Each structure stands twice: as structure tokens, then as C-alpha cells.
Amino acid sequence: MGDAVDLILSQWQRERPDVDVWPMGIIGRVSRLSRVLDRELREFFAAQGLERWEFDVLATLRRSGSPYELTAGSLNRAAMVTSGAITNRIDRLAAKGLVERLPDEEDRRSIRVRLTAQGLAKIDELVGPHVENEARLLAELGPRERDQLAGLLRGLLESLGDTSQE
């Protein structure tokens, strides 16, 4: 039994046997897996009344530690979106009462974004079920396979320049 990518590879093999299409197998599967996981996570967060990006911002603030605040620039780097997009996201989360804006005491030109009590409660309520959902999505993999896959993906990301910002 094969997956959809196997069919694509066999079609290329038939039509262009002179081209070694092995990269399509990996890139195609990673791309398809990304779409499947995005769909699953979107559905999970929608059932919780959130967008995936909203969870990401709340989680970024929560894991930053008390007082659960970061500069807008730090959030922007973590989210890998434009400054306009992060401003829009902060606006939307503030309108829901999940974050608040505060002046940055060290740099008056900047603002800090902090979880409100409601935002802290929301992220603390969701992080456990979110991790359980992700574990469900990865249940096919055993502990050794999970470690191996994580290491391979980490190495590939590092080789492409996606390393820790800190």
C-alpha cells in the first residue's frame, strides 16, 4: 500500500525515467503532512473558540514566564509575520480581552504585550488538551521513531537556517 506521493513518484518515473525525483518524495510528504496537521489543529482550536495563530501568540507569551509579556517586536520574530500582521493580531486579542498593551519602560518607542488574567486562564486551560491532541496525531510513532524524526527534522531546519533566535 502506498500514499498519494507514491503515485506521483511512479508517474514521474514512467514519464521521465531520466530524472531522479527522490526529493519530491520527501518534500511532497512534508508538504502534505503540513496541510493535514494544519487542518487538524485548525479544527481543534476552532472548537475552543480560537484561531491557531491566537493560540500561538498566547502560548508565546505564557512560556516567556511571569509577567507573561514581550515586546511587539519579540512577538513578531516568534510569529514570523510582518509587523502589520502582528499589530492586527494584538488588536484582535486585545479586543477579546486576552492581552493588553503596556508602554515599554526601557524604550518609550515600544510597547509590551502582556497576557491578561483571562488570557492566562485561557492558555492554561488549553495547553494540556492541545498537547493531548498533538499526541493523538503522532500516535502512530513509537518513542524511538519520534526521537529519530525530531532529530532529522531539527537537522534539516538548522541546515536551512531556521535556528533559535535566542
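The values are calculated or read from the model by the stated rules, or taken from the named source; none is laboratory data. Quick caveat, the model's predicted, so the values are computed rather than measured. All Cβ positions, glycine included, derive from the backbone under ideal geometry; neighbour counts span all protein chains shown. With ligands, DNA and RNA removed, areas are computed over all heavy atoms of the protein, side chains included. Shrake-Rupley method; radii C 1.70, N 1.55, O 1.52, S 1.80 Å.
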Dimensionless Rg/Rh of region 67-108 - Kirkwood Rh, Rg from C-alpha atoms: 0.95
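Considering all projection directions equally, how large on average is the shadow of the alpha-carbon convex hull of region 116-166, in square nanometres?
5.3
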Residue 19 - accessible surface, heavy atoms, 1.4 Å probe, Å² rounded to 10: 60
Surface accessible to a 1.4 Å probe, residue 164 within the full protein complex, Å²: 90
In degrees, nearest ten, helix 4-15 long axis to first principal axis of the chain (Cα): 40
The chain, relative contact order [Cα under 8 Å, separation at least 6], %: 15
Charge dipole (debye, nearest 20) of the chain; +1 at Cβ of Lys and Arg, -1 at Cβ of Asp and Glu: 360
Formal net charge of residues neighbouring residue 115 (Cβ-Cβ distance under 10 Å; K, R +1; D, E -1): 0
Around residue 56: net Lys/Arg minus Asp/Glu count, Cβ-Cβ under 14 Å: +4
Charge sum, other residues only, whose C-beta stays under 15 Å from residue 85's C-beta, Lys/Arg counted +1 and Asp/Glu -1: 0
Proportion of all alpha-carbon pairs of the chain beyond 30 Å (%): 33
Heavy-atom accessible surface of the chain: percent carbon and sulfur, 1.4 Å: 54
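R0 = 35 Å: FRET efficiency of residue 110 with residue 160, Cβ-based, nearest 0.05?
Numbers: r = 30 Å, r/R0 = 0.86.
Efficiency, rounded to the nearest 0.05: 0.70.
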GluC sites (Glu not before Pro) within region 40-108, DSSP loop, no more than 12 other Cβ atoms inside 10 Å: 105, 106
Rounded accessible area per residue of the chain, 1.4 Å, Å²: 70
5 angstrom amide H check on residue 112, placed H, neighbours 5+ away: 102, 104
Sequence-separation-based contact order of region 74-166, relative, with Cα cut under 8 Å and 6+ spacing, percent: 14
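Length gain on complete extension for the stretch residue 121 to residue 136, per 0.36 nm per residue less the alpha carbon to alpha carbon distance?
Gain on extension, residue 121 to residue 136, equals 3.0 nm.
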Helix-derived mean residue ellipticity, 222 nm - over the chain, DSSP H n ≥ 4, -39500 (n - 2.57), to 500: -21500 deg cm²/dmol
